[in-house]
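Everything on this sheet refers to the single structure shown next.
Quick note: the coordinates plus some simple rules give every number you see, no bench work behind them. Since the model is a prediction, treat every value here as computed from it, not as a measurement. Please note: Cβ atoms are built from the backbone with ideal geometry, for glycine as well, and neighbour counts cover all protein chains shown.
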Amino acid sequence: MITVVQLSDLHLGVPGNRERAVRAVAGARALGADLLLVTGDVADHGDPAEYAEAAELLGGVAVLPVPGNHDDRDAMGTVLGPVGDRVHRAGGVNVVLLESLVPGAPEGALSAGAVDLLADTARDPAPLLVALHHPPVPVGHPFMDGIRLRDAEPFAAVLAARTEPALVVCGHVHRPVATTVGGHPLVVAPSVGPAIRFPGEPGEEFLLPDSVPGGALHVLGDGPPRTRFLAWP
């Protein structure tokens with residue numbers, strides 16, 4: 001069994017987001033989880049200085065990062081370590097980290113190699129955690145649904161062929177969402193940076209600057225996957 005804390009969408013480089021990230025990282029450290037997963041948009045502009053700031057905040061913590069649409073693949077990888085498609089194994093669980101970044105575009109896509117890597121790993125009956133930035137299914141927000149993972153059918157088909165426990169986690173949406181993909185649970189983590197307003201909620205702003213930084217705690221390898229959403233006022 002392993003516990004995984006997920007942080008997402010820090011957007012360092014935006015005024016006020018460092019303070020939010022300080023609270024979130026301190027809260028994540030205090031949980032003492034086995035792994036810390038960061039599902040993209042660590043930086044807002046993809047600037048090396050923003051990744052240096054992230055490295056300072058995360059100092060001493062082993063981090064598994066995947067890039068988001070605001071990230072720069074090379075700058076992020078230079079400072080935070082590998083960001084490409086890969087598998088990390090811990091506590092009897094396979095963690096598949098997939099890069100959905102399309103440089104210069106807000107929407108995401110997976111390479112054929114990424115889908116093949118997922119398919120190969122999914123054949124192992126061990127518990128499976130799949131992490132990427134872009135949601136592979138609609139989440140009910142017109143703008144965010146327009147920039148989700150494109151051509152997600154092969155990804156979903158791999159998961160649909162699997163009967164053993166699996167959990168898919170992502171970010172990008174800046175709000176917690178729970179749904180399914182390929183018959184398995186999909187969890188969208190809340191953001192460390194400000195949340196966004198969903199249709200039907202009062203107000204007119206796109207961002208909610210008074211929202212609380214959040215994250216998610218996932219437990220795998222002890223029955224069905226379990227998730228608890230986190231908040232750090």
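Quick notes on this one:
- Length gained on full extension, residue 151 to residue 49, computed as 0.36 nm times the residue gap minus the Cα-Cα distance: 33.4 nm.
- Relative packing of peptides 13-24, 67-78, 87-98 - highest average C-beta neighbours within 10 Å first: 67-78, 87-98, 13-24
- DSSP beta bridge pairing in the chain, given as percent antiparallel to the nearest 5: 50
- Segments 212-219, 153-160 sorted - mean Cβ within 10 Å per residue, highest first: 212-219, 153-160
- Average Cα contact separation per residue, the chain, under 8 Å, 6 or more apart, as relative contact order %: 21
- About the Cα centre, charge dipole magnitude for region 48-136 (Lys/Arg +1, Asp/Glu -1 at Cβ), debye: 340
- Ordering of 35-47, 189-201, 168-180, 221-233 by packing is 35-47, 168-180, 189-201, 221-233, highest average first (other Cβ atoms within 10 Å, averaged per residue).
- Amide H contacts for residue 193 (H built 1.01 Å from N in the peptide plane; partners 5 or more residues away or on another chain; cut-off under 5 Å): 10.
- Each helix, a run of at least 4 DSSP H residues, gives -39500 (n - 2.57); summed and divided by the residues of the chain, these come to -7000 deg cm²/dmol at 222 nm.
- Extending 7 Å from the Cα toward the beta-carbon at both residue 201 and residue 22 defines two label points whose distance is 2.5 nm.
- At 0.692 mPa s and 37 °C, Stokes diffusion of region 2-231 via Kirkwood alpha-carbon radius, µm² per second: 190
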